[in-house]
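S.K.: Here it is, the structure, as structure tokens.
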Amino acid sequence: MSSYAETYRNWQADPEGFWRDAAGEIDWFTPVDKVREMRDGGLADWFAGASCNTCWNALDRHVEAGHGDRLALIYDSAMMGKVKKFTYAELTDKVATFAGVLKSKGVGKGDRVIVYMPMVPQAAVAMLACARLGAIHSVVFGGFAAKELATRIDDAKPKLIVSASCGLEPGRVIAYKPLLDRAIEMASHKPEACIVFQREMEEASLVEGRDFDWKAEMDEAAAAGNKPDCVALDATDPLYVLYTSGTTGKPKGVVRDNGGHMVALKWTMKNIYGVDPGDVFWAASDVGWVVGHSYIVYAPLLHGATTILFEGKPVGTPDAGTFWRVIADHGVKALFTAPTAFRAIKKEDPKGEFIGKYDLSSLDTLFLAGERADPDTIQWAERMLNVPVIDHWWQTETGWPIAANPVGLEKLPVKYGSPSVAMPGYEIHVVDEANKQVSPNTTGAIVVKLPLPPGCLPTLWENDDGFREAYLVDYPGYYKTADAGYLDEDGYLFVMSRTDDIINVAGHRLSTGGMEEVLAELPDVAECAVIGIADATKGQVPVGFLVLNSGVDRPAGDIEKEAVAIIRDRIGAVASFKKAMVVQRLPKTRSGKVLRGTMRKIADGQDWAMPATIDDPAILDEIATVLGDAGLK
Ligand code: COA
Ligand code: AMP
């Protein structure tokens, strides 16, 4: 095994050769000839001209190689106290059968299918069945409200939607079907059909002629032997579209291709995560997020590993020992989750008393991503688990880590607060506003030299202009990550904050601009600002500041409650928007820009300087008083 430095140098010296070698790990129907084809704007198409199928590589090929009896997926529901295991042969059969169902409803190559499901294995089956047919799935996180789903329906224009009767949150059953019906009603685009998986806790009523029952359809396809083979797709054909928060209420449809995505993810399993085929890998995330796409579904299966699909929370389902129970029960070798999950566990069980009750000897490494991993949390996890704790940094857009400590290649020294170093494929720079590289330990915008490696987004769904605008125009020749931070003298990266309005709430990426758009709909609100303030468990939580129209004389408390309710209704509970405050005015620059950054610093008790361009300094005192009165300062 070569070292990190040698591997990175090999990639730098010959990127095409590097990825050609990695592509050797994938089955191609038409073999790879051209590895990289440059296109306008410094971007690359990967493996154009080669054909392949992601479902084949994730499932069928392992069965064909004689590993049909190996466990592919373990569904562990802490919510239901239930475990169900699927071998590669069983999962392949289920996926082929559901592909038969989709095909019988007219779904084929290039059609979009929205998957709006809780954490049940049927969600992974639906994704892989789309991949089998060349249909493009778009998974929408179950915690999003009907309006968010409607926005995605109108952008992706799905032929069909796959959903379930309900999801389970601690202490309550969330009926999905009414949300789905409401979203379809709101959207201009109407899907031709919906397939609904009925769960025992809640039976959904089906719309005659439009909605079909998952189980009945599966039984029919199985009886008819309707199990289509994997379709040959161009490496550059889209596998999925995943919507992520941008700077407005309109989410961005991140496109993922088939060939480059497989090559990159397969490479990461051994080299970054140190996992072998047959090992048990657990990404405790949700299939609605990129971590779920890459590391619950695709990467572990492409690698022939066993993946865990967990329905539950790190605490309260039933206690702060759930993660340790899952590791012990299933022999998990690597766990990947968000720091917020560990903060939640640490809060409930600071001394780690639950840990001693379980045999965690299978666990080699803990990986953290999704938000900045604070040194306290990392050190607590190291002490409690006695394994390396690896912070790594990536985005929905890249689909796999940009910076990591690649334990599979070589475990580098850990520097607390840093996700370590650039992975092969990525040349990371920190630049100033003029796109000039800054010196080590100087904060600036974090950018990645083009072209991006395989697996990263080639564009946004039906929005090439939006793609260029969001990522390419500000720093010519580079991809803008919209994160800010610095590189130290050893090339370790420190990711400190976003440069846009995105906040990270319990590892969930949300746009404060999107929340402001919703609050502005309230009839009494003249203007508003939403900022993310520090939260001990969730990292950040949003709070809203509302300036009312003149003449409004209703109690401020009523309007604040309406603000909380409208965000929950339009965006969803996942926004964790629990606090809105009526203020007399917002602090602004003389050119009218709201000083959100300064407001955040005041709320977080950080040092702040009076901006030279401020219009009226007294307003910041008013904001500080309001925050203090609300117990938020
Ligand atoms: N469907 C419906 N509602 C959902 C939902 C879903 N899939 N997921 C979350 N919600 C709801 C929750 O019930 C909660 O509602 P409430 O305000 O009525 O209590 C709200 O959305 C906020 O949820 P969440 O942020 O998950 O907060 P929590 O207090 O329930 O749990 C954590 C906090 C830290 C334990 C939890 O967020 C967690 O485990 N985070 C890890 C995040 C993660 O894996 N991120 C992926 C990147 S790796
Ligand atoms: P998402 O697209 O939901 O994965 O969110 C990506 C964003 O989360 C990044 O742009 C960062 O702002 C943040 N993020 C993810 N991982 C890390 C990390 N390890 N350290 C700091 N920030 C992170």
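S.K.: Sort Thr7, Thr340, Thr54, Thr589 so the one with the fewest other Cβ atoms within 10 Å of its own Cβ comes first.
M.R.: Result, fewest neighbours first: Thr589, Thr7, Thr340, Thr54.
S.K.: For region 182-208 and region 250-281, what is the separation of their C-alpha centers, rounded to whole Å?
M.R.: Their Cα centres are 31 Å away from one another.
S.K.: Would you work out the charge dipole size for region 227-318 about its Cα centre, treating the Cβ of every Lys and Arg as +1 and the Cβ of every Asp and Glu as -1, and quote it to the nearest 20 debye?
M.R.: On the way: 7 positive and 8 negative charges, 54 e Å.
Charge dipole of region 227-318: 260 debye, to the nearest 20.
S.K.: Please list the three semi-axes, largest first and in whole Å, of the ellipsoid equivalent to region 311-358, using sqrt of 5 times the eigenvalues of its alpha carbon gyration tensor. Each step should come with its number before you reach the end.
M.R.: Numbers: eigenvalues 48, 33, 21 Å².
Largest first, region 311-358 gives 15, 13, 10 Å.
S.K.: A further question follows. Taking the radius of gyration and the Kirkwood hydrodynamic radius from Cα positions alone, what is the Rg/Rh ratio for the chain, to two decimal places? Walk me through the numbers before you get to the answer.
M.R.: Working: Rg = 24.1 Å, Rh = 25.3 Å.
Looking at the chain, the ratio lands at 0.95.
S.K.: What are the ³J(HN,Hα) couplings of region 314-327, residue after residue, when phi is run through the Karplus curve with 6.51, -1.76, 1.60 and θ = phi - 60°? Round to Hz, x for glycine and proline.
M.R.: Per-residue couplings from phi come out as x, 10, x, 10, x, 8, 6, x, 4, 4, 5, 4, 5, 4 Hz.
S.K.: As an exercise, identify the chymotrypsin sites (Phe, Trp or Tyr not before Pro) in region 407-464 lying in DSSP coil whose Cβ has no more than 15 other Cβ atoms within 10 Å.
M.R.: Hits after loop and neighbour filter: Tyr416.
S.K.: From the helices alone, meaning DSSP H stretches of at least four residues, give me the mean residue ellipticity at 222 nm for the chain, per-run term -39500 (n - 2.57), in deg cm²/dmol to the nearest 500.
M.R.: -8000 deg cm²/dmol
S.K.: In what sequence do Phe47, Phe336 fall when counting other Cβ within 10 Å, fewest first?
M.R.: On the way: Phe47 30, Phe336 22.
By the 10 Å Cβ count, ascending: Phe336, Phe47.
S.K.: Where Lys and Arg each count +1 and Asp and Glu each count -1, what net charge lies around Met80 among other residues with Cβ under 12 Å from its Cβ?
M.R.: After counting each charged neighbour, the total is 0.
S.K.: Now for a different question. Name the long-range amide H neighbours of Gly134: under 5 Å, sequence gap of 5 or more, or other chain; modelled H, no Pro or chain starts.
M.R.: Val231
S.K.: Here's another thing I want to ask about it. Scale the Cα Rg of region 335-459 by the rule-of-thumb value 2.2 N^0.38 Å and send over the ratio, two decimals. Kindly include the intermediate steps, with their values, before the conclusion.
M.R.: Details: Rg = 16.7 Å, N = 125, 2.2 N^0.38 = 13.8 Å.
Here the Cα radius of gyration is 1.21 times the empirical estimate.
S.K.: Same structure again: Given an 8 Å cut-off on Cα distances and at least 6 residues of separation, report the relative contact order of region 506-629 as a percent.
M.R.: Over region 506-629, the number comes to 22 percent.
S.K.: In debye, nearest 20: dipole of the chain around its Cα centre with unit charges on the Cβ of K, R (+) and D, E (-)?
M.R.: Values: 66 positive and 87 negative charges, 91 e Å.
In total the dipole reaches around 440 debye.
S.K.: Which whole-Hz couplings ³J(HN,Hα) result when phi for each residue of region 627-633 is put into the Karplus expression 6.51 cos²θ - 1.76 cosθ + 1.60, θ = phi - 60°, listed in order with x for Gly and Pro?
M.R.: So the J values, rounded to whole Hz, are 5, x, 4, 7, x, 9, 10.
S.K.: For region 85-183, report the convex hull volume of the alpha-carbon atoms normalised per residue, in Å³, without decimals.
M.R.: Looking at region 85-183, the number lands at 90 Å³ per residue.
S.K.: Taking neighbour Cβ counts within 10 Å as the exposure measure, how do His189, His293, His62 sort from fewest upward?
M.R.: Going from least to most buried by this count: His189, His62, His293.
S.K.: Quick one: check the C-alpha center-to-center distance for region 467-532 versus region 93-162, whole angstrom.
M.R.: Cα centroid of region 467-532 versus Cα centroid of region 93-162: 28 Å apart.
S.K.: Among Val162, Ala422, Leu452, which residue has its Cα furthest toward the positive end of the charge dipole of the chain, with +1 on Lys/Arg Cβ and -1 on Asp/Glu Cβ?
M.R.: It is Val162, whose Cα lies furthest towards the positive end.
S.K.: Next question, about the same structure. Roughly what percent of Cα-Cα pairs across region 235-304 reach past 18 Å?
M.R.: 43
S.K.: Which whole number of Å³ per residue matches the convex hull of the alpha-carbon atoms in region 266-415?
M.R.: It is 99 Å³ per residue.
S.K.: So for the chain, averaging the separation of alpha carbon pairs under 8 Å that are six or more residues apart and normalising by length, what relative contact order in percent results?
M.R.: Relative contact order here is 12 percent.
S.K.: I'd like to know how region 462-550 sits against the 2.2 N^0.38 Å rule of thumb: what's its Cα Rg over that expected value?
M.R.: 1.38
S.K.: Spelling out what I want: for every residue of region 374-383, take phi, set θ = phi - 60°, compute 6.51 cos²θ - 1.76 cosθ + 1.60 (Karplus), and round to whole Hz; glycine and proline get x.
M.R.: Each residue of region 374-383 in turn: 6, x, 4, 5, 4, 5, 4, 5, 4, 5 Hz.
S.K.: Between region 321-346 and region 549-576, how far is it from one alpha carbon centroid to the other, in angstrom?
M.R.: 36
S.K.: Check which residues have an amide H placed less than 5 Å from Phe212's amide H, if you skip close sequence neighbours.
M.R.: Excluding prolines and chain starts, which carry no amide H, the hits are Cys194, Ile195, Val196.
S.K.: Size of region 506-629 along its principal axes in angstrom, Cα-based, largest extent first?
M.R.: On the principal axes, region 506-629 reaches 39, 39, 27 Å in Cα extent.
S.K.: Return the long-range amide H neighbours of Met80 (sequence gap of 5 or more, or a different chain), with a cut-off of under 5 Å between placed amide H atoms.
M.R.: Here the answer is none, since no amide H 5 or more places off falls under 5 Å of that of Met80.
S.K.: Kindly provide the trypsin sites (Lys or Arg not before Pro) of region 356-460 that DSSP labels as loop, not H, G, I, E or B, and whose Cβ sees at most 13 other Cβ atoms within 10 Å. Walk me through the numbers before you get to the answer.
M.R.: Details: sites: Lys357, Arg372, Arg383, Lys411, Lys415, Lys436, Lys449; in loops: Arg372, Lys411, Lys415, Lys436.
Taking region 356-460 and a limit of 13 other Cβ atoms within 10 Å, the loop trypsin sites (Lys or Arg not before Pro) found are Lys436.
S.K.: How large is the charge dipole for region 434-517, taken about the Cα centre, if only the Cβ atoms of Lys, Arg (+1) and Asp, Glu (-1) carry charge, to the nearest 20 debye?
M.R.: So the dipole magnitude of region 434-517 works out to roughly 240 debye.
S.K.: Pairs of lysines 8 or more apart, or on different chains, with alpha carbons under 21 Å: count those in region 506-629, would you?
M.R.: 9
Quick note: the coordinates plus some simple rules give every number you see, no bench work behind them. All values reported here derive from a predicted model rather than from experimental measurement. Methodologically, a virtual Cβ is constructed for each residue, glycine included, from the backbone with ideal geometry; neighbour enumeration extends over all protein chains shown.
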